[in-house]
Amino acid sequence: MHKLFFAINLLLLLSVSPINTGTNNVVVLELFTSQGCSSCPSADRLVDQVKTEYKDDVISLSYHVDYWNYIGWKDPFSKKAFSDKQRAYGSKFYSSSIYTPQVVINGKEHFVGSNRGTMYSKLNSYFKRERPNTIAISEATKNATTVNFKYNVTGDVSGKTLRAVLVIKERETVVKRGENRNRTLRNTNVVVEESYSRLEQAEGLGQLQIPSIVTNADELSLVLLVQDKALDITGGKQVSL
């Protein structure tokens, strides 16, 4: 019986464990989450675990939506713009409603963000797909109010958009109300600022404003993404600041 139990557990573990494909295709995970959602912390942990396991092969972005704020706790990272972003994906996927925790992978499809099996299955599939664009970031610097950078994109950029994203690597929050009241939540890869610009040419300069929610103690990173008109992400790069 013990041997059978061990064998079953080993098969379950292998079925959801990541496979090293040997490729360098960056996969972008966009998690729509909220501190006011009781089912979100497990997704927050899974997405961060995947980021830790794959390091430079996965870009994880946590977008905190604002539609959970009515329940009694205002998520300090939440923005209406992030809820609107999720709704845009909902229109793309012909979804009649939006939900948390939701992961969108490379802008192409979505699934429940806490589903470990689906997460690794999708990652292993997308690692095998070539990215149409690659991005190089140089001279990324920050001062008290802005992040400045240079970029160079390879591949076809016609009709595409450059997304610049400012990310807090980690922050803990004591939640006093709502579904997660009396819990201390550790949020990672938290998006705090984002800008969009049309890719007129393959290289150029960019700038992001640093919002007031960022403190001197926060570790920041800069993410650049290339996105086409269908909202598919065709390339990505992340650097620490």
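The values are calculated or read from the model by the stated rules, or taken from the named source; none is laboratory data. Since this is a predicted model, take the numbers as computed values, not measurements. Here the Cβ is made from the backbone with ideal geometry for all residues, glycine too, and neighbour counts use every protein chain on show. Please note that ligands, DNA and RNA were not included when accessible areas were found on the heavy atoms of the full protein model with its side chains. Shrake-Rupley method; radii C 1.70, N 1.55, O 1.52, S 1.80 Å.
Say whether the condition of being assigned to a strand (DSSP E or B) and open to solvent by 30 Å² or more (accessible area, probe 1.4 Å) is met by at least one residue in segment 117-131. The answer is no; no qualifying residue exists.
Does segment 225-233 contain at least one residue that is over 22 Å from ILE105 (Cβ atoms) and not β-branched (Val, Ile, Thr)? Looking for residues that are over 22 Å from ILE105 (Cβ atoms) and not β-branched (Val, Ile, Thr), one finds none in segment 225-233, hence no. Looking for something aromatic (Phe, Trp, Tyr), part of a helix (DSSP H, G or I) and open to solvent by 60 Å² or more (accessible area, probe 1.4 Å) - is there at least one such residue anywhere in segment 47-61? No, segment 47-61 contains no residue that is aromatic (Phe, Trp, Tyr), part of a helix (DSSP H, G or I) and open to solvent by 60 Å² or more (accessible area, probe 1.4 Å). Taking every residue in segment 106-119 that is touching a residue at least 60 places away in the same chain (Cβ under 8 Å) and pairing it with any residue that is small (Gly, Ala, Ser) and crowded, with 17+ Cβ neighbours inside 10 Å, at least 6 positions away or on another chain, the pairs with Cβ-Cβ distances below 8 Å are VAL112/ALA43; GLY113/ALA43; SER114/ALA43; MET119/GLY113. Among the residues making up segment 137-190, those that are in a loop (DSSP other than H, G, I, E, B), closer than 30 Å to TRP73 by Cβ and open to solvent by less than 30 Å² (accessible area, probe 1.4 Å) are GLY178, ASN180. Of the candidates VAL226, VAL174, VAL191, VAL239, the single residue that is out of contact with any Asp or Glu (no Cβ under 7 Å at 6 or more places or on another chain) and either closer than 21 Å to LYS80 by Cα or among the polar types (S, T, N, Q) (or both) is VAL191.
With a requirement of 2 or more residues that are touching a residue at least 60 places away in the same chain (Cβ under 8 Å), on the phi < 0 side of the Ramachandran plot and open to solvent by 20 Å² or more (accessible area, probe 1.4 Å), the strands (runs of 3 or more DSSP E) lying completely within segment 195-241 that satisfy it span 203-209, 233-240.
Taking the conditions (1) under 16 Å from the mean Cα position of the chain (by Cα); (2) within 26 Å of ASP66 (Cα to Cα) in turn, VAL174 satisfies each one other than (1). When you check ASP66 against the structure, is it part of a loop (DSSP other than H, G, I, E, B), free of Cβ contacts under 8 Å to residues at least 60 places away in the same chain and either open to solvent by 60 Å² or more (accessible area, probe 1.4 Å) or on the phi > 0 side of the Ramachandran plot (or both), yes or no? When the stated conditions are applied, ASP66 does not pass them.
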